[in-house]
Amino acid sequence: MYEGIIQDLIDEFGRLPGIGPKSAQRITFHIVQSQSADVTRLAELLATVRERVRFCTQCGNVSEQELCSICRDARRDAGLICVVEEPKDVVAIERTRQFRGLYHVLGGAISPIDGVGPDDLNITQLMRRLADTEVREVILATDPNLEGEATATYLTRLLKTLEVPVSRLASGLPVGGDLEFADEITLGRAFEGRLTVS
């Protein structure tokens, strides 16, 4: 336990997602030992991000403009909407270079334990968006965990009222994985989504 401002900074870094006490301590001491100009630049970037970055008014992705670069891109297929939980999921899918449609970012997943219900997510905006445009398919790309499954199930029921075709990303065994380490749900999904080999 440190005293004063050092401990305050460690505590603040520790509140960030994915940063444990040891990482918070390492980051704090890195900043203390860094050049003054580097720390000033970091502080300025943090302030600038809070001022300039907002959420796309159409899809909910992060952007510095009213519409994100994906929604502004006329080459994208507006008939395909991929629904994801967070902006980081958009980046992950874009890296595959397999999807050329548009996105809708929910801003999280349904989690009653954490007090997150459907009204806390961008679901109303999704329904309004689907009612206003001609969409050929909605692809649900929520995480393959309890919260993501609950969200996908809820959206599937809701989207049936619009008669829009809905699909879910396949899930199963990762390449290079061992069967003995796969959990029952993942292994079950791998059996359900198996492909015919000819």
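The values are calculated or read from the model by the stated rules, or taken from the named source; none is laboratory data. Here the structure is a predicted model, which means the values were calculated and not measured. When we count neighbours, we look across all protein chains shown, and the Cβ atoms used for this are built from the backbone with ideal geometry, even at glycine.
Before moving on, here are some points about what is shown:
- Of the residues in the range 153-166, at least one is at pLDDT 90 or above and part of a strand (DSSP E or B).
- PRO17 being under 30 Å from ASP120 (Cβ atoms) and either β-branched (Val, Ile, Thr) or assigned by TED's automatic domain parsing to the domain that holds MET127 (or both): no
- Picking from residues in the range 128-152 that are farther than 17 Å from CYS56 by Cβ and in a helix (DSSP H, G or I), the one that is nearest to the chain's Cα centre (by Cα) is GLY148.
- Residue list for the range 153-177, restricted to those being closer than 16 Å to CYS59 by Cβ and without any contact (Cβ under 8 Å) to a residue 12 or more places away in the chain: none
- Residue in the range 115-135 that is touching a residue at least 24 places away in the same chain (Cβ under 8 Å), acidic (Asp, Glu) and surrounded by 12 or more Cβ atoms within 10 Å (Cβ to Cβ) present: no
Table: residues versus (1) of a type in the set (S, T, N, Q); (2) farther than 25 Å from THR161 by Cα; (3) modelled with pLDDT of 95 or more.
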residue: CYS56; (1), (2), (3): no, yes, yes
residue: ARG75; (1), (2), (3): no, yes, yes
residue: ALA92; (1), (2), (3): no, yes, no
residue: PRO112; (1), (2), (3): no, no, no
residue: LEU126; (1), (2), (3): no, no, yes
residue: THR133; (1), (2), (3): yes, no, no
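- Here LEU102 does not qualify as touching a strand residue (DSSP E or B) at 6+ places or on another chain (Cβ under 6 Å), of a type outside the set (Asp, Glu), in a helix (DSSP H, G or I) and in contact (Cβ under 8 Å) with a residue 24 or more places away in the chain.
- The set of residues from the range 69-98 being in the same structural domain as ASN122 (by TED's automatic domain parsing), over 14 Å from the mean Cα position of the chain (by Cα) and crowded, with 18+ Cβ neighbours inside 10 Å comprises just one member, ILE81.
- Failed item in (1) more than 19 Å from PHE55 (Cα to Cα); (2) assigned to a loop (DSSP other than H, G, I, E, B), with ILE113 passing the rest: (2)
- The combined condition, being of a type outside the set (Gly, Ala, Ser), exposed (fewer than 11 other Cβ atoms within 10 Å of the Cβ) and not assigned by TED's automatic domain parsing to the domain that holds ASP89, is not fulfilled by GLU66.
- Matching residues in the range 20-41 - criterion: being closer than 21 Å to LYS88 by Cβ and either in the same structural domain as GLY108 (by TED's automatic domain parsing) or surrounded by fewer than 13 Cβ atoms within 10 Å (Cβ to Cβ) (or both): GLY20
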